[in-house]
Each structure stands twice: as structure tokens, then as C-alpha cells.
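Here's the structure, in C-alpha cells; my notes come after.
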Amino acid sequence: MFRGISLANKCLLLFGGAVVLIVLAALSGPWLRMTDLIDAGQLAVSREMMATWERLDEEERALQDERQGGLLPPLPSPSLRPIERGGILAQRFSISEIDRLAPTDDFLAHALAAFRNNPSLSDHQDAQWSGTTRLYRYARPERAHGPGGPHLTGLVVLRRPTLEAFRLLWINGVFLLGAGVAVLGLAMLVFYLITQRIILQPVRTLKETAERVREGNLAVRSDIKTGDEFEQLAETFNMMLTDLQTNQDRLRAMNLSMDVKLHEMAESNTNLHEATKLKGEFLASVSHELRTPLNSIIGFAELLLEQAKSEAQLPDAPPSVARRVRYLSNIDSAGRNLLTHINSLLEMARIEAGKVDVRIEPLNIRDACEGLLALIQPLADRRGVSLSLEVPDDIPNITTDVKKWQQIIFNFLSNAVKFSLPAEKSGREPRIILRAERLLPTRPGEDGGVRISVIDNGPGIPEEEQGRVFEKFHQLDQGHTREHTGTGLGLAICKELAVILQCQIQLESAVGRGSMFSLIMPSTLAPSGAQEGALEAKFRGALATGRDWN
């Protein structure tokens, strides 16, 4: 209702309206009292006129009696001879006439009722307006004495219009209105001065201070000396500004310090970026250059191992041949492990560089799973781990990159075999299950996909480590005496390959109860989806190494 109106105008409207109402209410009492006084004065005039008319009526009656000498019959009843002079009418009414006229004449009815209810009442007057004329009706009772005491015999009614009452009311009303206007003007002036000095001036000062603060000047202060709540508010506002200025100075100093540190961190990041880039290039170059001589070492070690094994089968083979077989086996095993590590590094470098080729072809899940179990069977036999396959008959064929799919599942299997505890340590036979199952679609028309799971009953993975096992170079046992060797890139490569194949990897594990690594994949891999996955893997690799990903 008052939106958009200033505080000064609101105060003027609200308090001004209140003052007007108060003045009107204060003047209504004198106005009503003045009207009563005028009516009371007119009542005295009516009594005097009634006495005059009665005296004139008696004199006229006596004069007529004297002229007729008492020989003529008496005059009719005065009630039948109304007297009217100058618009003033005097008339007598008997009780029977009043009863007959009462239904149509309220004044006669009220006067009769008043005299009957109060026998001591001497007169009754009523007044009403007729335009600018005040019409007064005055009644006086006529009583007769009887055996039961005085009783009412009739009424003498005087009807008298007058302009004097209107003139008096108008004059008094003008005086009252003038007094009211003067009082209202004085009250509004006093209110305006008080409002401006005591309320609005401090508010304007606070507003101006707030506007200067909004412009950024925190050094401004509000100077209000009113000795009331406004002064307390100004002091609180000044204290707040002091605290804000102090905090701003502190923040400015902190920002300067942070700018220096950010500059130092930027330089450190630049150096780190260069070092990371050089490290990656060196690692890729060295890994690539190591593969050629390492393949030669492994090849010659295999030839020498075959010769040593052939010599060891001779009946007269010396004991040194057995030692040579053992040494060559260690050389071949160490070389193959080193080659595996180098291949992992090169594979991760290719993924981060976005140089992964995707070849989509059909895949028979049962045949592929049986082939992977056959590959991992020798390692499982050496560690005493039993393998089993669970593939339902209704499992569908899928289309994906077969080699990358095999690399993910084989890595899950090799980790499960490598981390399985022997029966003498865990108290139970180590067991690994390779399970394939068809997933139902969540909505009609969608591809439910297939889930391939590797389940073991090994030591399990702590919950706080489950989110970190897919990070690069992260291993659960980090000490120099750790039991299992490796680069820590196996699961990280699986995660990147899963993104390329539009798959998801799920891990569920509990300490002492084993682990389940699952690969959830679509039934059909679209070439566009594989390309998007490769770009995403390239982008993440660029973020990790700090190089340009374009």
C-alpha cells in the first residue's frame, strides 16, 4: 500500500491523518454541546411565547365576554380556535384528539407518553431541521383536579420555525472550524518539526553514510548526537564499519601474501609440468628402447634354457647343469616380468596420448572366458588356487574390442590369483569364480547389457582403500618388503580401457571375505561410443600430466 513512498511522506500521511481524526473527535463534543445549548435557549423562548399566547388568549376571551355582556353564547373550545401569527401556531388538543392523531404525529405521541409517565413534567420540546430552518414543537400539559388527584385533560402545542438557531449554529460552526484548522495547522507544524529534527534527520544521516559505504568508502563515520536510540544505532554502525575496515585491511594483506604464493606456485607448477613432460617422454623413450634388448635377452635365455634342459636329461650330466637350468629360469622369469612392466608403462602412455585403436568384433563370452581360464590355469596351479566358470546358456554374444576386453578380465584374474592366500595361512582353500550373467533392462527398450565378475575368497580390500586401487602406481602394500611385485598400473589401465569400451567397473569387497571385480558392459559397442571413450581417457591423461590434450 505504501510501497514507493518516502518515510517522511509516510509519517506525514499516517500521523497527519491521526491528528485530523483526533481534532474532529475533539470538536464533535463542543459541536453537540453547542447544539444542546441552542436548543435549551430556544426552549426558554418557547416557554415565554407559550405564556404570551395563553395570556393573549385569556385577554381576547375576556374582551369578547365584556362586549357581549354575557348575553351571547360562549366561544367555542380553544382547541377549535388555533392561533397563528407570523408562522407560529398555537393549538389545544384534547386527549381524544391526541389519541386519534398519535399514529400519524410522532411528536404528539411522544409528548403524551412523556407526560403520562412523568406527572411532574411541565413541558416537552422537540426539534428538527427543514432545510436551513430549525422547526421547534413545544407542548405543555393541561391537567384537571379530580377525586383521584390531577389528571391529564389535553395538551397545548406550539409550533415555531426559526432561522436564529441556524444562524447561531453556522456562526459557532465557523468558529469551531477555524479553531480546528488552527489547531490542526499548529499540530502539523509541530509534528513536522519534531519529525524532521528527531526522526528523519538521523535517518537521512544514516542513509547517506550507508550509501558512501556502498560506494566503497569504509572510512566514513556517522555523526549523530541525539542522545537516544539513533545515537546508539550510529555508534553500532560506526563500530561495524571499523571492524569491516580492519577485516578489509587484513584481507588485503592476505591477498597480497596469497598473490605472492600463487606466483610461486605457478612457477612451481610450470617447473613441475616441464619435469612431468620430460619424465613422460623419458619413460616412454626408455621403455621403448628397453624392449628390443630385453626381447633379445629373453630369447637367448630361452635358447640357453632349452639347451641346459636337454643336457640335464643326459645320464652323465654334471651337477653344474642343474644350477645352470635354475639360473636361466630365473633370468627368463625376471626378463618376462620386466617386459610386462614395460608393456604396462607403454600401454598407459598410449592411452594418455589418445593413440588407442579400437577394433570392434563379435565375442562369444563362454569361449572367451574358457580361454582366459586356460591362460591363468598354470599360475593358479602353482599357487594352489582352484578356478571355476559360471556362464548361463542364455548369455548373448556381444560386440566389443576383444583384446581390450580380454586384457581387463585377465588382469582381474591375475590379481585374484596373485593375492589369494594359501590354505595354510587363511584356513580355507583359495578359490576363484569367473561368472557371466545377463542384466535385465531398467526401462523398456533399453539394452540390459552383460556383467562379467571375478570373485575370490582372498584377504579382501579395506573400505578406505577401495577408491584408490584404481589410481596409477597405487599398491596396497607400499613397503620395501612387500610380498607382491608390480608397477601398480594394472587396475588403472583396466579403468581407462573400461571407459574406452563404454563399460563400468564395480568393486565389492570386505576384509577377510574376499573381493568381486565386475565389468558391466553393453551388448553392442558403437564406434562413436568407443571414440568418445578414447577422447575422455586422453583428456584425463592430459589433466594428470599437465600437457595440452589437443
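Please verify whether S96 is in a helix (DSSP H, G or I), more than 22 Å from E164 (Cβ to Cβ) and modelled with pLDDT of 80 or more, treating the condition exactly as stated.
Here the answer is yes, as S96 does meet what is asked.
Quick test of your reading of the structure: L152 fulfils all but one of (1) in contact with a His (Cβ under 8 Å, 6 or more places away or on another chain); (2) surrounded by fewer than 18 Cβ atoms within 10 Å (Cβ to Cβ). Name the failing condition by number.
(1)
Take V469 and tell me if it is at pLDDT 85 or above, in the same structural domain as S509 (by TED's automatic domain parsing) and at negative phi.
Criteria not met by V469.
Six or more apart or on different chains, Cβ under 7 Å: which pairs go from a residue in the stretch 489-502 that's without any contact (Cβ under 8 Å) to a residue 60 or more places away in the chain to one that's surrounded by fewer than 21 Cβ atoms within 10 Å (Cβ to Cβ) and among the β-branched types (V, I, T)? Could you list them?
Close Cβ pairs (under 7 Å, with a partner that is surrounded by fewer than 21 Cβ atoms within 10 Å (Cβ to Cβ) and among the β-branched types (V, I, T)) amount to K495/I505.
From the list A165, A219, A210, A139, pick out the single residue that is loosely packed, with under 12 Cβ neighbours inside 10 Å and not basic (K, R).
Of A165, A219, A210, A139, the one residue that is loosely packed, with under 12 Cβ neighbours inside 10 Å and not basic (K, R) is A219.
Looking at this structure, is T236 hydroxyl-bearing (S, T, Y), at pLDDT 85 or above and farther than 30 Å from S122 by Cα?
The answer is yes for T236.
Looking at the stretch 500-520, which of the residues that are in a loop (DSSP other than H, G, I, E, B) and at negative phi is surrounded by the most Cβ atoms within 10 Å (Cβ to Cβ)?
C503
When you scan the stretch 352-359, do you find a residue that is farther than 30 Å from P392 by Cβ, more than 60 Å from the chain's Cα centre (by Cα) and modelled with pLDDT under 80, even just one?
No, the stretch 352-359 contains no residue that is farther than 30 Å from P392 by Cβ, more than 60 Å from the chain's Cα centre (by Cα) and modelled with pLDDT under 80.
For residues that are among the small types (G, A, S) and surrounded by 11 or more Cβ atoms within 10 Å (Cβ to Cβ), tally how many sit in the stretch 252-267.
0
Within the stretch 167-178, is there a residue that is of a type in the set (F, W, Y) and assigned to a strand (DSSP E or B)?
The answer is no, given that none of the residues of the stretch 167-178 is of a type in the set (F, W, Y) and assigned to a strand (DSSP E or B).
Could you please let me know if D447 is modelled with pLDDT under 85, within 25 Å of Q502 (Cβ to Cβ) and touching a Lys or Arg at 6+ places or on another chain (Cβ under 7 Å)?
Taking the combined requirement at face value, the residue does not satisfy it.
Give all pairs with beta carbons closer than 9 Å in which a residue from the stretch 13-39 that is without any contact (Cβ under 8 Å) to a residue 60 or more places away in the chain meets a residue that is hydrophobic (A, V, I, L, M, F, W, C) and exposed (fewer than 13 other Cβ atoms within 10 Å of the Cβ); count only pairs at least 6 apart in sequence or on separate chains.
L13/F2; L13/I5; L14/F2
Before we move on, is T104 assigned by TED's automatic domain parsing to the domain that holds W170, β-branched (V, I, T) and within 22 Å of W170 (Cα to Cα)?
No: the conditions fail for T104.
Of A308, A322, which residue is under 24 Å from L339 (Cβ atoms) and modelled with pLDDT of 75 or more?
Unique residue meeting the criteria: A308.
Somewhere in the stretch 42-55, is a residue closer than 30 Å to L184 by Cβ and modelled with pLDDT under 80?
There is no residue in the stretch 42-55 that is closer than 30 Å to L184 by Cβ and modelled with pLDDT under 80.
Evaluate the following for S515: is it farther than 21 Å from P396 by Cβ and modelled with pLDDT of 85 or more?
yes
The values are calculated or read from the model by the stated rules, or taken from the named source; none is laboratory data. Fair warning: this is a prediction, and the values are worked out from it, not measured in the lab. Quick reminder, even Gly has a Cβ in these numbers, built from the backbone with ideal geometry, and neighbours come from all protein chains shown.
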